[in-house]
1. Read through the list (1) more than 17 Å from Ala246 (Cα to Cα); (2) not in a helix (DSSP H, G or I), then give the number of the only condition that Ala225 fails.
2. Going through Ile79, Ile39 one at a time, which residue ends up being over 20 Å from Ala340 (Cα atoms), open to solvent by less than 50 Å² (accessible area, probe 1.4 Å), out of contact with any Leu (no Cβ under 6 Å at 6 or more places or on another chain) and within 14 Å of ligand 1 (Cβ to nearest atom)?
3. Looking only at region 72-91, decide whether some residue is in contact with a Cys (Cβ under 9 Å, 6 or more places away or on another chain), farther than 27 Å from Arg228 by Cα and either modelled with pLDDT of 95 or more or within 16 Å of ligand 2 (Cβ to nearest atom) (or both).
4. Could you please let me know if Leu16 is open to solvent by 10 Å² or more (accessible area, probe 1.4 Å) and either in contact with a Phe, Trp or Tyr (Cβ under 7 Å, 6 or more places away or on another chain) or more than 19 Å from Leu87 (Cβ to Cβ) (or both)?
5. In this structure, is Arg115 without any contact (Cβ under 8 Å) to a residue 40 or more places away in the chain, open to solvent by 40 Å² or more (accessible area, probe 1.4 Å), over 28 Å from Glu281 (Cβ atoms) and in a helix (DSSP H, G or I)?
6. Restricting to region 241-264, name every residue that is open to solvent by 40 Å² or more (accessible area, probe 1.4 Å), in contact (Cβ under 8 Å) with a residue 40 or more places away in the chain and over 21 Å from Gly77 (Cα atoms).
7. Anything in region 196-216 that is closer than 17 Å to His161 by Cβ and either open to solvent by less than 20 Å² (accessible area, probe 1.4 Å) or not hydrophobic (A, V, I, L, M, F, W, C) (or both)? List them, or say none.
8. Would you mind telling me which numbered condition in (1) of a type outside the set (Lys, Arg); (2) open to solvent by 30 Å² or more (accessible area, probe 1.4 Å); (3) more than 14 Å from ligand 1 (Cβ to nearest atom) Leu25 fails?
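The values are calculated or read from the model by the stated rules, or taken from the named source; none is laboratory data. What you are looking at is a predicted structure, and each value in this text was computed from that prediction instead of being measured. Cβ placement follows ideal geometry from the backbone for every residue including glycine, while neighbour counts extend to all protein chains displayed. In case anyone asks, the SASA skips ligands and DNA or RNA and just uses the protein heavy atoms, side chains included. Shrake-Rupley method; radii C 1.70, N 1.55, O 1.52, S 1.80 Å.
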Amino acid sequence: MRDEDLATCVSCGLCLNDCPTYRVLGNEADSPRGRIQLIRELVRTNDAPGASVVAHLEACLVCRACETACPSGVPFGRIMEGAREVLRERVPGSRRARLLRRLGLGTVARPTRLRLATSLASFYTRTGLQRVVRATRFLPARLRGMERLLSAPEGAPFDPHELAARPAADIALLAGCVIRIAFGETERSTVRLLESDDRTVTSPRAQRCCGALHAHSGDGDGARALARENIAAFEGSSAPIVVNAAGCCAHLKAYGAVLAGDPQWSDRATAFAARVRDASEVVAATSVRAAVRPIRVVYQDACHLAHGQQIRRQPRALLQALQGVTLVPIADAERCCGSAGIYNLTHPEVATELERQKVAAILAARPDIVVSANPGCMLQLRAGLRDAGSSVPVVHLMRFLDDPAACLR
Ligand code: SF4
Ligand code: SF4
């Protein structure tokens, strides 16, 4: 937590109407300005904050829409990650909450556990068990909220180890955690698109989870340990480090700030971060395949791409390079869909309202397909569209660019 970050907010309030939680909850304490005020009070003493302060800070999506709106350049994502770390130290929560947090973060950070969880989810979705559970509605509300996001994995998991021994490669891929296990076709499409421009992709064996979820949930030590491992894994080359999950990419670009307080690692972290690129910044427009028929596409801006990395033009330019594609705009395109990591599980009411608004905006545009660049948004929108009775598919930008026809089958 840096005093100079907190000092940048001049309390002008220009961010309020762009904050999704303020718009849904209508409370100043659930706005960026209100939360910054609470955080200033939090760090003024070493006391444990009251329950309502914890609730207002935990209700933030860390969507960073306030960073786009703020004329003073408040680094809100960084401030909130610091605040969550302080909360975890002073208010550790119940034993059950701590156990669940450890289990969840431990699962995303360990490929074997994640593979096991994905195999169970695959068995559940493919055997008809899912249909029975949904029809009987016997699950409690919170578990129902988790269950509705489950969908069958996209092909076989992607194995980055197959690309490990390529010393002459000119692109290094960070394969991610959930995306490599549950979105295998998207990963293979990303590699095909990157290599279609006469380049070679490698993916170091020692890479780990990026640590974004750890940082967002206040596990600063876990986030910093993962950052150090990734920096070491990708050193020894100056090749761009390419990522196709917006949340991971935004966090990797912030490694300099994550390890700013560690004199042994801060320079290495800054050098690592300077190499990180979202896949849409690297894939050439000449690599995309032609669409076979006219297609109406809604492009859903992932918050950590639009607000976290200010990347809006590149994905749209790639989509417009596809012959036959019409990009159809939607209302409030940059408002969060409610996914935000595990927010849809911790704050189902706000997440459901944001999802409802997003789905209504998408359906009003009458698209043939929805394209996004973040796995969390894709799962949330798939569930929302399905519950609204729509069969419009939701796919990753890289998969669509690689083979638009296959995505519409
Ligand atoms: S990060 Fe998003 S939810 Fe949090 S205060 Fe900023 S705009 Fe609001
Ligand atoms: S975060 Fe930025 S826009 Fe919001 S009140 Fe502070 S200075 Fe104004």
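1. Condition (2) is where Ala225 drops out.
2. Ile39
3. Yes, region 72-91 has at least one match.
4. It is true that Leu16 is open to solvent by 10 Å² or more (accessible area, probe 1.4 Å) and either in contact with a Phe, Trp or Tyr (Cβ under 7 Å, 6 or more places away or on another chain) or more than 19 Å from Leu87 (Cβ to Cβ) (or both).
5. No.
6. Once the filter is applied, which keeps residues that are open to solvent by 40 Å² or more (accessible area, probe 1.4 Å), in contact (Cβ under 8 Å) with a residue 40 or more places away in the chain and over 21 Å from Gly77 (Cα atoms), region 241-264 yields nothing.
7. Of everything in region 196-216, those that are closer than 17 Å to His161 by Cβ and either open to solvent by less than 20 Å² (accessible area, probe 1.4 Å) or not hydrophobic (A, V, I, L, M, F, W, C) (or both) turn out to be Thr200, Val201, Thr202, Ser203, Pro204, Arg205, Gln207, Arg208, Cys209.
8. Failing condition for Leu25: (3).
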